[in-house]
Amino acid sequence: MSLSTLIVLALLLVALVYGVLIYNNLVRLKHNVGLAWSNIHVALKQRHDELPKLVALCREHMGYEQETLERVVWARGSVAEASRRRDIGALGAAETELRAGLGQLFALAEGYPQLQANESFRHLAQRITHLEETIADRRELYNDSANLNNVRIEQLPDSLLAGLAGARRVDLLRFEEARQDVDLKALFG
């Protein structure tokens, strides 16, 4: 074999090894996004299971606050459906609605001393608050994984192999901040 043939074979081998490394990294990133999504899904499911207990308990003490309770129940269903479909955009909107409903529910609950004194209510409120924090943490990890995936498949030379391998962009999970001030005088006045 001539020297030029050896050089060409060595370059092809280097290109092949580099291509395999890029491909394996793209696969790792894809699976990290999937794992991060699964972690969010678990926390959403746990909260989904706790919300009916909270609503039932509140219904016993807050009979005339039906609109708020129905808002939470409706938003809970929307979150579950969007999560099941893995529809990131719809999940973000439904989560925003659910968070606003829960915020209003907890604000209204302040006006019911018997409810506030109820051990089950306090436990559920703490559990749901903890799950909200968990969802926020897991959303951050998901968005980090999705961003790493998106950046990698857009960078050269990875983008060339990403297109051939079928790698695709992943949407970030965004929740709108529901920062409405609750008019307590109107609620309890």
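Two numbers describe the Cα atoms of the range 40-88: Rg and Dmax, which are 12.0, 35 Å. With Cα atoms as the point set, the range 6-78 shows a radius of gyration and Dmax of 25.7, 84 Å. For the options Val72, Val151, Val170, a Gaussian network treatment of the chain with springs between C-alpha atoms closer than 10 Å singles out Val151 as fluctuating the most.
Along the positive direction of the dipole of the range 61-178 (beta-carbon charges: Lys, Arg +1; Asp, Glu -1; about the Cα centre), which of Ala109, Gly163, Leu124 reaches farthest? Selected residue: Gly163. For the chain, the relative contact order works out to 31 percent when only alpha carbon pairs closer than 8 Å and six or more residues apart are counted. Between Ala107 and Gln46, the simple spin-label model (points 7 angstrom out along Cα→Cβ) gives 2.8 nm. Here the convex hull built on the C-alpha positions of the range 28-188 has a volume of 100 cubic angstrom per residue.
Under 10 Å, Cα contacts only: if you run a Gaussian network model on the chain, which one of Ala165, Ala75, Ala125 comes out with the highest mean-square fluctuation? Its mean-square fluctuation being the largest, the pick is Ala165. Apply the membrane-span-like helix rule to the chain: whole DSSP H runs, Cα extent along the own long axis of at least 18 Å, mean Kyte-Doolittle hydropathy at least 0.0. List the helices found. What comes out of the filter, once short or polar helices are dropped, is 3-61, 88-109.
Where a number appears in this text, it was derived from the coordinates with a stated rule and is not lab data. Keep in mind that this is a model prediction, so the values were computed, not measured. Here Cβ is always computed from backbone atoms with ideal geometry, including for glycine, and neighbour counts include all displayed protein chains.
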